[in-house]
1. For segment B:417-426, which positions are surrounded by fewer than 18 Cβ atoms within 10 Å (Cβ to Cβ) and either within 11 Å of chain A (Cβ to nearest Cβ) or farther than 12 Å from residue B:17 by Cβ (or both)?
2. Which residues, taken from segment B:90-115, are more than 19 Å from residue A:364 (Cα to Cα), touching a helix residue (DSSP H, G or I) at 6+ places or on another chain (Cβ under 7 Å) and part of a loop (DSSP other than H, G, I, E, B)?
3. In this structure, does residue B:494 turn out to be at pLDDT 95 or above and touching a helix residue (DSSP H, G or I) at 6+ places or on another chain (Cβ under 6 Å)?
4. Going through segment A:139-180 one residue at a time, which ones are under 20 Å from the mean Cα position of the chain (by Cα) and surrounded by fewer than 23 Cβ atoms within 10 Å (Cβ to Cβ)?
5. Looking at residue B:147 and the list (1) surrounded by fewer than 18 Cβ atoms within 10 Å (Cβ to Cβ); (2) within 35 Å of the chain's Cα centre (by Cα), which single condition is not satisfied?
6. So, of the residues in segment A:386-398 that are within 30 Å of the chain's Cα centre (by Cα) and facing another protein chain (nearest Cβ under 8 Å), which turns out to be surrounded by the fewest Cβ atoms within 10 Å (Cβ to Cβ)?
7. Among helices (runs of 4 or more DSSP H) lying entirely in segment A:205-321, which contain 3 or more residues that are surrounded by 18 or more Cβ atoms within 10 Å (Cβ to Cβ)?
8. Just give me the residues in segment A:119-138 being more than 21 Å from the chain's Cα centre (by Cα) and outside any helix (DSSP H, G or I), in sequence order.
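The values are calculated or read from the model by the stated rules, or taken from the named source; none is laboratory data. None of these values were measured; they are calculated from a predicted model. Counting neighbours? That spans all protein chains shown, and the Cβs are built from the backbone with ideal geometry, glycine included.
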């Protein structure tokens, strides 16, 4: 039987000899952010290939690659691109969501500081595919170095004729603009981001109309995460077959995973989807430094998972983690050590969401921002009463699924999962006025 | 489209939101952020319902439930905000289940945790949406045990509007209102999360329409400062009537307490003002209660030098009888302000005819009226090109400016259902881009409309009109727009309309050339109605400016010619400048106290109803005419609203006593109409425009300063 008829086993481990890092391949090379270095490594080959195969073929390849949005929601990127009304003759926009604010996520930061051209190339390809002539990069305000590197990269690309009029003689015009946010988590929500970009208050907009119909300035717009654009560059460069050879059945490709907390080597690691938590934590991050009781798998808004063999041996892909009751999110793992109070850790996250609530809708503004945070503060101070946990659960029921955008639900992720997994800690704290792990916490002010 | 709400299957038009479907089914759902005529935003999350829809399979047919064989309903996993949920064919909505009630009560608990609950001292109490909804849908108790948010309380946002940030429930109605209706963004949220509060970054509220936010605020956060603390909502007598401050004729509710006018609120009229009012119409009523005279007065010693002494009507009539007995009835002049009702106008017309006098007039008025049928306000909002010549719309007919703003937004009107105007019409988005090219404004002084127009210039409306007719090359773009437009409208303001027949003729030629409609902004509130009556002077010296008569009745006009030496009867609410020279003062009722009919600028008849205001012995013009009839031993033909309405039934074949609430456009053709008016005015010396009565905001005139200057110069 010829080899070609047997589909090769998909790559689901970074230890597989066939796996080659692509997104982070150039991080660490001296001057990796310069145009010379990027082009020396074969940069802007993908753009040339895109021009050669044509814009419809690019969208087609993106669909076939199975890439799902890397910002957290995991919506198929190719499908999103195909929603753009391609022949309406209007101005189209491409926006890069670089407002990476989710606690536990820090992959986009290094993609921008270390390899900005990879992202720019992906944006130009996206603009070419979706007939857009303008792109915006909305960078989180705190990412000063990233903004400077991206600005410099845009400048270099313009000088080299990779941005501007008639790029590489293709007849395609495209330009990019950087916008720095002013420090609001809600700006990572795509419609709030567009409002912020327009100079309005960063409140999420009503959907429909979806951005592909009426986005920024009321014109068709597509927003993708930094990593999604970088992945697009790699997909167009190496082809969808290569990309979809990695990952599991429904979660294709590779992804950047981040790990923080008490581990040997916290940081960003590139793994194929379907790699296990164990591979990530032990083989790449070098294992925990102290006993761990919970894992947050995909950034602070995803529910906590217990530190068990079942979880550790579960593949990290969209479906498996959902089946375990959590979400892949941005792939930002946070390890919570055994000897720290879970209520205190959750309070730290609730404080974040209360602080970042935009104030548009009642359940988030009053429920999270006005009440939930005070409940946790009360518990942590040892002033909790029996019934408080039930009250938190009932409040969560009144908030969950009823808010305008996902921010309130994001806050409920750690709240509900911590109560579900560590109810005894809550009860101990309420009964004794202090945590079984002592009163202090690494998250206290 | 069929939708099932709690087991009731109803037919609703495509595009209906789920909240309107629930109301259409005769059920109720609480809401705070939605507001008719504003875009839905889904911020308060009160209007939660359970909803599900059938789905189509890959083969294009509905997926059927295996057990029942009916289309399977795919339910949303959680209750949805019905204001932002579009109803679809076959959708099933549950608004009354226990889980929906729990969700709504939970949301109410959140809404109330930072609300101060100071209802006993809050002016909104008794008419508060939050109070009502909390009572109907809340737990009745709160589990919130922490300090409430504290913010700035009751400080003046402007002279007329007071803000209490603690009471605000962040529904965003006021913010959306300013952006969407007048197009003046003067309020916004500041800060975020639970610290979010409403405020203005500027001094005050620089808008002519700021009072409307006090009507739409669902709580007592934004309150009418003029009526603040002057009564509880259940103490007011509410009277549904029409504002006569300008010629738009907005529907209002006049609230009186203990016989005193305390508050005016907007009332819905889809055709005219939607629900909005201008600030002049809303707040400018306090003049009425200050130094009002409500008894007849005569002079001590019978000379003008004598001091005023209160008298009975009998004494006043006796005095008038004595004076008028010496004068021929043809030598008596009858002059009135042009905001009288149609019925009063008819009484005046018939009484003048009975006296045989030529000296009858109403002021302010232009010397000529157009005979063309004006566009309706809805047509203005639907127009695709509007040319404004010599008008300061924000001053002359303020709410018309809101219809122009609607026109710039594309003229989308909210749907109407049996339960009223759509609560949430999902076709209305936030922040619509204005189509400024649809509006061109020329007037000699820049006004608020200039900033909204695609093309605007400070040139006189009359000269622009002249050049437009001459086909000036400078206006090539305008000609192109006029030709391309399907529904163009030309609006003439006071600056042009006061110039007389020749200029009006030019405007009529222009609109006929482009198949446009012509809207001439009337000089006073009921000018368009009175222009169809014989209320213009017919001989030399009979006009109000000349006033060469032996005796004159002057009703609610501020001035009389300086050289007038005859017997002067002044009918007014206050001791005006004219009254200081009068021989007898007869107390007048205000427009808030009258019953009758009013014709607005589109020719729509609207019903005035008298509010429960204590006006003492004051009478309307018909009452004064009755008194004059007594004095002259004449029986006036028209002695009351009913006899006047009987006469109009004959003339117009319309029953003015039972007009629909939205009013009715009157067809004047076949009556002695504006043609007569024009013929009569050809011999008239000039208009009587020096007789401006300051409008309800004392010291601030309805007609702009530049027009006033023109009027003072006269148009002869």
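1. We begin by selecting, within segment B:417-426, every residue surrounded by fewer than 18 Cβ atoms within 10 Å (Cβ to Cβ); these are B:417-420.
B:418, B:419, B:420, listed by residue number.
2. B:95, the sole residue that qualifies.
3. Details: at pLDDT 95 or above: no; touching a helix residue (DSSP H, G or I) at 6+ places or on another chain (Cβ under 6 Å): yes.
No: the conditions fail for residue B:494.
4. Filtering segment A:139-180 down to residues under 20 Å from the mean Cα position of the chain (by Cα) leaves A:139-147, A:150, A:178-180.
Within segment A:139-180, A:141, A:142, A:143, A:144, A:145, A:147, A:178, A:179, A:180 meet the criteria.
5. Checking residue B:147 against (1) surrounded by fewer than 18 Cβ atoms within 10 Å (Cβ to Cβ); (2) within 35 Å of the chain's Cα centre (by Cα), the one that fails is (2).
6. To start, the set of residues in segment A:386-398 that are within 30 Å of the chain's Cα centre (by Cα) comprises A:392-398.
Cutting the leftovers down to facing another protein chain (nearest Cβ under 8 Å) gives us A:394-395, A:397-398.
Values: A:394: 15, A:395: 23, A:397: 17, A:398: 23.
Only one residue fits best here, namely A:394.
7. Numbers: elements: A:226-238, A:240-244, A:309-312.
Hits in segment A:205-321: A:226-238.
8. A:130, A:131, A:132, A:133, A:134
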